[in-house]
Amino acid sequence: MKKRAQKTSKKEEKIDHPERAAVPLIGLAALVQRELREFVVCAGMRALDELLERECSAICGPRYRHDAERSATRGGHAEGSLVLGGRRVTVRKPRARSMDKREVVLPSWSAFSSSDPLNERAVAQMVIGVTTRKYARSLEPLAEGVAVRGTSKSAVSRRFVELTTEQMEEWLRHDLSSLDLVAMMIDGICFKDHVMLIAIGIDVEGRKHVLGIHEGATENEVACTALVTGMRDRGLRTDRAMLIVIDGGKALRAAIREVFGARAFVQRCQVHKMRNVTEHLPDDAAQAAKKVMQTAYRSGDGDAAKKLLKNLARQLRTNHPSAAASVEEGLEETLTVMSFELPRKLERTLSSTNVIENLNSRIRDMSKRVKRWKDGTMIERWTVTAVLEASKNFRRLQGYKSLKKLVAALREHDARLARKFASQKEAA
């Protein structure tokens, strides 16, 4: 009986042993994790103290020793602040004064005290969805006893405004002369009472480039002209033919005509056109009209598509004259891309401004936390910040390998225009 009891107790020991060991191990892991973080922070602070003391000694000479060749004298210590983990921490730094009693800035302190990393951290946190109120909670905790500041809502907001303003001003001046563009798309995004126009260029290799933004709707002639002429002034080439996809605003069309002249192949966005037509119709008629228009736009044959659209306008004219007028308005320009006889994938991509719609959705997602837009400048800052972040993940245009065919057609058009201008000049 004793042997049996002993065997049972050993078996129970083997079963219970891992469970008993798990509790202290979990606690030990948490302790190690906390203490390791504190050790790294404290070790770094001590290393900084040592570095500053060495620099001070190099300038002022060893402590408590006379040095006739020293260029400065010690001035005790003073509290300063450095950037650490997205906030400022208080640090005691040694002071040095030159022989004429002026403060000497230690090289390491000058390098470490820069506010740039702090501003960049604030913008990075805002971009990924952290609000100014929750900024402090999003940071890695520091060791106990480290005095911190710069994590309040107002401080984070100031840093965000400072850096995004600087980024916006720099980006709005960036040079466009090095871009070899074959197409450009222009559309707008609404922010309550404000509209931001956005232009995206597509180069010969199918890469996307955000060219410019400007406050104002596509129906606003002044805003549209300012956007297009502003890009031209920053180096956008307007002396070569280009495919330009727009939403259909007349003011925008006029601005393009003024700047590009006969070199612009304007493609009216087919998605906008279908939306404009169906808004004039009741639900049943809208669905039927949309199917006809989709069939026309997917046909790949410009003549067949034109015939289908004109038949649709004729059918709508009696009961829905506004919808019929909308179908006929700019009909030719909704089929511009078809004239190049491009592969279906590329034709479909270049027939709408969906490329900008995808960017707009990223902008909306990034700025949805803003509860109140103070003014147009604030909207412009957020738009530029979102554009810079979204552009990091841009992919090439769908069907970009077939862009060579479009480039060849555009250059052929340039050659025809050159011959035409030359003959007109000779005739004059």
Check your understanding: When region 217-270 is examined, which residues are found to be more than 22 Å from the chain's Cα centre (by Cα) and among the polar types (S, T, N, Q)?
Key -> Asn220, Thr225, Thr229, Thr238, Gln267, Gln270
Practice item. Keeping to region 311-323, report how many residues are surrounded by 14 or more Cβ atoms within 10 Å (Cβ to Cβ) and under 24 Å from Val337 (Cβ atoms). Key: 3
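Quick grid of which residues meet (1) at pLDDT 95 or above; (2) closer than 30 Å to Phe394 by Cβ; (3) touching a Ser or Thr at 6+ places or on another chain (Cβ under 7 Å):
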site: Leu312; (1), (2), (3): yes, no, no
site: Arg317; (1), (2), (3): no, no, no
site: Asn354; (1), (2), (3): no, yes, no
site: Asn358; (1), (2), (3): no, yes, no
site: Val370; (1), (2), (3): no, yes, no
site: Trp373; (1), (2), (3): no, yes, no
site: Thr377; (1), (2), (3): no, yes, no
Practice item. Only residues that are surrounded by 15 or more Cβ atoms within 10 Å (Cβ to Cβ), β-branched (Val, Ile, Thr) and under 20 Å from Ala217 (Cβ atoms): list them for region 361-414, please. Key: Ile363, Ile379, Thr383, Val384, Val387
Check your understanding: Looking at region 361-372, is at least one residue among the polar types (S, T, N, Q) and either out of contact with any Phe, Trp or Tyr (no Cβ under 9 Å at 6 or more places or on another chain) or within 21 Å of Leu197 (Cβ to Cβ) (or both)?
Key -> yes
Review point. Would you call Thr318 in a helix (DSSP H, G or I) and on the phi < 0 side of the Ramachandran plot?
Key: no
Study note, to complete from the structure: Those residues of region 277-288 which are in contact with a helix residue (DSSP H, G or I) (Cβ under 6 Å, 6 or more places away or on another chain), of a type in the set (A, V, I, L, M) and outside any loop (DSSP other than H, G, I, E, B) amount to Val277, Ala286
**Study point:** Residues that are in contact (Cβ under 8 Å) with a residue 12 or more places away in the chain and assigned to a helix (DSSP H, G or I), drawn from region 349-366
**Key:** Thr349, Asn354, Val355, Ile356, Glu357, Leu359, Asn360, Arg362, Ile363, Arg364, Met366
Practice item. Could you tell me which residue of region 336-351 is farthest from Cys269 (Cα to Cα), considering only residues that are out of contact with any Asp or Glu (no Cβ under 9 Å at 6 or more places or on another chain) and crowded, with 18+ Cβ neighbours inside 10 Å? Key: Leu342
Review point. Out of all the residues in region 169-200, which are of a type in the set (Asp, Glu) and touching an Asp or Glu at 6+ places or on another chain (Cβ under 9 Å)?
Key: Asp180, Asp187
Check your understanding: Which one of Arg396, Arg369, Arg381 is part of a loop (DSSP other than H, G, I, E, B), within 20 Å of Thr165 (Cα to Cα) and of a type in the set (D, E, K, R)?
Key -> Arg369
Revision key, fill the gap. Taking region 158-179 and keeping only residues that are under 30 Å from Thr349 (Cα atoms) and surrounded by 12 or more Cβ atoms within 10 Å (Cβ to Cβ), one is left with Met168, Trp171, Leu172, His174, Leu176, Leu179
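The values are calculated or read from the model by the stated rules, or taken from the named source; none is laboratory data. Source: prediction; values computed, not measured. As a convention, Cβ positions derive from the backbone with ideal geometry for all residues, glycine included, and neighbour counts pool all protein chains shown.
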